[in-house]
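Here is the structure we will look at, set down as structure tokens.
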Amino acid sequence: MDTKTLIVAPKLQLRTGEWKRGPIQRSQWPSRRAKSKAYKFGPRYQWRIITFIACGYDCRVRILLNVEAQIFRATFGVTEDGETKVICDYEWHASEPGWHCHARCGRVAEIDAAKNRFGSIRLPSARNFHRRQDFKFGNTEINEVTAFNCAVTVFRIRQGGDLFP
């Protein structure tokens, strides 16, 4: 199973979670290897976890949002044996130009959970043209609603109609 197949696959047993602030519970994004600081974000950050099954895999998307600093990240992960393997990050932040994705395009079984971004490919490349340069989803500034809609659209979580934040 490769990353693209998993992203476009039908999603089952969908749970959308709610927006929260403060530390992310380890059970929401399981990892025995991650240090506790990987679960802590400042009070300006909001996060939300979406869980589902795709192609038999226990999957989740973590949405991280800081509207004030204009930071958005939707991380697609697959949880196996108590570890969440990051297979794709879709993000916007001021330190890198435009909307972009860090994808690990190999087979899910071959991805090492200990190396979250090692081996990923940035699309588009930092030096290439970026069509979308503003902190917007469509024509709307990013907020809780648009951040959620962006994540479910990018990772094709909308199945059988619209989801509501």
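Figures for the structure shown
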item	result
Residues within the stretch 99-118 that are surrounded by fewer than 14 Cβ atoms within 10 Å (Cβ to Cβ) and modelled with pLDDT under 65, tallied	2
Scope the stretch 12-21; condition touching a Lys or Arg at 6+ places or on another chain (Cβ under 8 Å) and either touching a residue at least 40 places away in the same chain (Cβ under 8 Å) or assigned to a loop (DSSP other than H, G, I, E, B) (or both); matching residues	Thr16, Gly17, Glu18, Trp19
Only listed residue being under 15 Å from Ala151 (Cα atoms) and either surrounded by 16 or more Cβ atoms within 10 Å (Cβ to Cβ) or within 13 Å of the chain's Cα centre (by Cα) (or both), chosen from Glu83, Glu91	Glu91
Selection status of Glu96, closer than 20 Å to Lys136 by Cβ, exposed (fewer than 14 other Cβ atoms within 10 Å of the Cβ), in contact with a Lys or Arg (Cβ under 6 Å, 6 or more places away or on another chain) and in contact (Cβ under 8 Å) with a residue 24 or more places away in the chain	no
Flag for Val78 being part of a strand (DSSP E or B), under 16 Å from the mean Cα position of the chain (by Cα), modelled with pLDDT of 85 or more and aliphatic (A, V, I, L, M)	yes
Within the stretch 32-75, considering residues that are touching a residue at least 60 places away in the same chain (Cβ under 8 Å), closer than 27 Å to Gly106 by Cα and under 16 Å from the mean Cα position of the chain (by Cα), the one surrounded by the most Cβ atoms within 10 Å (Cβ to Cβ)	Ala74
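The values are calculated or read from the model by the stated rules, or taken from the named source; none is laboratory data. Everything numeric in this text was worked out from a predicted model, so none of it was measured. Counting neighbours? That spans all protein chains shown, and the Cβs are built from the backbone with ideal geometry, glycine included.
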